[in-house]
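To keep things clear, I will list the structure first and then write my remarks on it.
The values are calculated or read from the model by the stated rules, or taken from the named source; none is laboratory data. If you're wondering where the values come from, they're calculated on a predicted model, not measured in any experiment. Neighbour counts are summed over all protein chains in view; Cβ atoms, including those assigned to glycine, are modelled from backbone coordinates with ideal geometry.
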Amino acid sequence: MRLAEGLDAPGIHVVSALEPNSAARKRRASYRQRFLRSVNLLLKPTGLAIFPLWRLDSFNRIPRFTFGQRSYECFCHRHNCGFPPSRMTERPVELAIADRWLEQVDGEGVIEIGAVTPYYWPRRISTVVDPYDPHPLVTHHVSLFNVDLSGRDVLTISTLEHIGVGDYGPAGTNETALNALEKILRESKRFLVTVPHGYNATVDATLFGKFRFPRDVSATYMVRSEYGNDWREASVEHAAIPYGGCEPDAHSANSLLIVERGGLL
């Protein structure tokens with residue numbers, strides 16, 4: 001059914017009520033966006049703002065993702081995570097998976113490399129190794145290369161890519177991300193390691209390349225959508241996504257490598 005009958009004359013365009021024109025929808029969406037921007041610019045001095053309904057609906061909707069055929073809810077937190085509907089960092093995905101992994105092991109027997117969990121789950125892990133982080137729950141201010149990981153469960157979240165590049169210590173040493181991973185592979189009993197793409201060129205060229213993991217180790221690549229907080233599993237070829245983006249997520253990753261031994265996930 002058309003909006004009007006008999007008006008298909010030259011120069012007159014009639015839009016079907018049941019089949020709306022996609023170009024018209026895009027124009028209307030563009031008008032709405034410009035209107036909202038204009039109104040919010042006027043309201044800015046008052047501290048008020050107008051949001052589209054879909055954003056209001058999403059305030060109480062925690063994003064979910066699928067990893068290893070299991071559905072996870074993103075971990076939201078004010079420290080380096082964020083909350084919907086704003087674009088969050090990669091940390092909500094890492095922590096959701098780490099939470100599941102920690103439920104399967106004894107936290108007293110876990111060694112964490114890089115102080116991450118103390119900021120979210122204080123004392124959930126008894127041994128935290130980090131040579132530079134000042135958090136009071138760091139138990140060993142030493143390099144992981146000075147720690148015996150033999151037969152231990154190891155957790156490290158977005159830490160390997162910082163080793164040896166001068167972020168939190170001297171650069172150019174023999175302590176590199178790849179050497180750290182090789183030590184974990186060689187010594188630990190079970191482990192969960194997460195590494196973002198785009199921060200460390202050497203890591204990108206190897207772990208996001210043709211690196212061959214041992215048969216008892218699973219390696220899963222996760223990527224997120226260009227907009228929003230949707231994450232999904234992907235092949236290594238599709239995981240080479242540049243780091244960062246526009247504010248407020250200029251310092252977060254758009255793809256992750258999740259490496260696990262033990263089959264707990």
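Residue by residue through region 172-204, note down the ones that are at pLDDT below 95 and surrounded by fewer than 13 Cβ atoms within 10 Å (Cβ to Cβ).
Gly172, Asn174, Ala201
Before we move on, is Ile125 under 24 Å from Val110 (Cβ atoms), out of contact with any strand residue (DSSP E or B) (no Cβ under 8 Å at 6 or more places or on another chain) and surrounded by 22 or more Cβ atoms within 10 Å (Cβ to Cβ)?
For Ile125, the condition - under 24 Å from Val110 (Cβ atoms), out of contact with any strand residue (DSSP E or B) (no Cβ under 8 Å at 6 or more places or on another chain) and surrounded by 22 or more Cβ atoms within 10 Å (Cβ to Cβ) - is not met.
What do you reckon, is Asp167 surrounded by fewer than 21 Cβ atoms within 10 Å (Cβ to Cβ) and farther than 22 Å from Arg64 by Cα?
Here the answer is yes, as Asp167 does meet what is asked.
If we only count strands (runs of 3 or more DSSP E) wholly inside region 170-265, which ones have 3 or more residues that are of a type in the set (D, E, K, R)?
It comes to none.
Within region 76-103, count every residue that is at pLDDT below 95 and either among the hydroxyl-bearing types (Ser, Thr, Tyr) or surrounded by fewer than 22 Cβ atoms within 10 Å (Cβ to Cβ) (or both).
13
Mind checking which residues of region 144-159 are under 22 Å from Pro196 (Cα atoms) and in contact with a Gly (Cβ under 8 Å, 6 or more places away or on another chain)?
Matches in region 144-159: Asp153, Thr156, Ile157, Ser158, Thr159.
Can you tell me which residues in region 75-111 are in contact with a Gly (Cβ under 9 Å, 6 or more places away or on another chain) and in a loop (DSSP other than H, G, I, E, B)?
Cys76, Pro84, Pro85, Arg87, Met88, Thr89, Gln104, Val105, listed by residue number.
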